[in-house]
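Student: Below: one structure in structure tokens.
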Amino acid sequence: MAEQKPALVLHLVSGGEPLIFTLRLDDVAELRKQLHLHLEHGSVETVYTSEDRAVQINFAHVAVAYIDDLQRQGKVFGLR
């Protein structure tokens, strides 16, 4: 089985290509639980990348956010 590479994918309100940040495995579960709240409230949150860099994200400018596995083959929404 391939190693997981979780990433936070952000589609900004202004459009353009999505922003992709690889995540630390230890942070994924908590971020997944809180992500909808960050979007609903437009909060500014610090997310740590897999390289241990802190990224401050203003969710007021984010239209869509989700966590994806960059190692997954055949990416099609709705299918696993």
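Student: Given the criteria of a type outside the set (A, V, I, L, M, F, W, C) and at pLDDT below 95, does Gln73 qualify?
Tutor: yes
Student: Any residue in region 5-27 that's within 13 Å of Glu51 (Cβ to Cβ): show its pairings with residues that are of a type in the set (Lys, Arg) and part of a loop (DSSP other than H, G, I, E, B) at Cβ separation under 9 Å, as long as the two are six or more apart or on different chains.
Tutor: Final answer for the pair search is Lys5/Arg72; Phe21/Arg53; Thr22/Lys5; Leu23/Lys5.
Student: Separate question: So which residues in region 10-33 are outside any helix (DSSP H, G or I) and touching a helix residue (DSSP H, G or I) at 6+ places or on another chain (Cβ under 9 Å)?
Tutor: Within region 10-33, Leu10, Leu12, Val13, Ser14, Leu23 meet the criteria.
The values are calculated or read from the model by the stated rules, or taken from the named source; none is laboratory data. These numbers were taken from a predicted model, which means no experiment stands behind them. A quick note on method: Cβ atoms are made from the backbone with ideal geometry, for glycine too, and the neighbour counts reach across all protein chains shown.
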